[in-house]
Amino acid sequence: MNIPSRKIVFILIVPTSLFDYICLMNLKHDKELVIQKGVELFRKEGYEALGVNRICKATGMTKGAFYNAFESKENFLLLCLSKYSEKGRKIISDLLARNMELPAIQRLQNFYVDFLQLQTKVNYSGCLLNNTLSELGNGSTVIGKAADIHLETILTTIEPTVIEAQNEGDITQQLASKKIVEILHLTLFGVLTQAKGKKRTPNRNGGHKITFWSI
């Protein structure tokens, strides 16, 4: 007498959130996307407060995969700084090239006001380069130097428009263009720090209008 064989089927019920996370863990990680996420995390949370566990959770990487790809949190930050600087230079160039029919001084003012207004959408997280220098400039020589170099390239991107405004007679030529860009940068983050503390949109007629008038 033949006894029919029976198949036993096990059904595993996995919560949706856990299932999504498992799928994310098994995806081949796009290094560029991970770095972009790192930029966002470092910018919002800072270096010391952001642990590798938090990075792995946000990107879906295992610790092993993270260290295999980036070696250390410090190296990961260096890559994030480079990516942020590269993207920032392009954005700044594009913004300053808009409305070329306007005087250079007006394009500069518009750029800084637009940047400050944008901060309301990112919870006043500021500039990754400036934040890193504030937190680690004196503590980590490698990171501090890298952030300083990248920030210098950002300021160099702005300088030609300052020179243009000087040639048009709207900004004094008694100060070097590089020094004027540094003054504008310091003013920008002074206004931003004040706005962050008050959680209030920076005034369009605030610090930068006074600074442009004075130079």
* For residue 90, indicate whether it is under 13 Å from residue 154 (Cα atoms), free of Cβ contacts under 8 Å to residues at least 40 places away in the same chain, assigned to a helix (DSSP H, G or I) and not aliphatic (A, V, I, L, M). => yes
* Structure fact -> In the stretch 132-143, anything more than 12 Å from the chain's Cα centre (by Cα) and touching a residue at least 12 places away in the same chain (Cβ under 8 Å) is listed as 133, 135, 136, 140, 142, 143
* Of (1) crowded, with 19+ Cβ neighbours inside 10 Å; (2) in contact (Cβ under 8 Å) with a residue 60 or more places away in the chain; (3) within 29 Å of residue 47 (Cα to Cα), residue 129 satisfies all except one. Which? -> (2)
* **Test: residue 91 is touching a Ser or Thr at 6+ places or on another chain (Cβ under 8 Å) and of a type in the set (A, V, I, L, M)** => no
* Exactly one of (1) over 25 Å from residue 192 (Cβ atoms); (2) in a helix (DSSP H, G or I); (3) not small (Gly, Ala, Ser) is unmet by residue 61. Its number? -> (2)
* Within the stretch 1-31, tally of residues that are assigned to a helix (DSSP H, G or I), at pLDDT 55 or above and exposed (fewer than 10 other Cβ atoms within 10 Å of the Cβ) -> 0
* To do: Please determine, by comparing only the residues of the stretch 53-87 that are in contact (Cβ under 8 Å) with a residue 40 or more places away in the chain and aliphatic (A, V, I, L, M), which one is surrounded by the most Cβ atoms within 10 Å (Cβ to Cβ).
  => 77
* Structure fact -> How many residues of the stretch 171-213 are modelled with pLDDT of 75 or more, of a type outside the set (A, V, I, L, M, F, W, C) and within 19 Å of residue 129 (Cα to Cα)? The answer is 6
* Any helices (runs of 4 or more DSSP H) falling wholly within the stretch 101-172 and containing at least 2 residues that are closer than 18 Å to residue 87 by Cα and small (Gly, Ala, Ser) -> 141-167
* Asked: In the stretch 109-166, which residues are small (Gly, Ala, Ser) and in contact with a Leu (Cβ under 8 Å, 6 or more places away or on another chain)?
  -> 126, 144, 146, 147, 165
* Asked: Take the residues of the stretch 99-126 that are surrounded by 14 or more Cβ atoms within 10 Å (Cβ to Cβ) and among the polar types (S, T, N, Q): which is farthest from residue 191 (Cα to Cα)?
  -> 106
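The values are calculated or read from the model by the stated rules, or taken from the named source; none is laboratory data. The model shown is predicted, which means the values in this text are computed figures rather than measured ones. Glycine also receives a Cβ, built like all others from the backbone with ideal geometry; neighbour counts cover every protein chain displayed.
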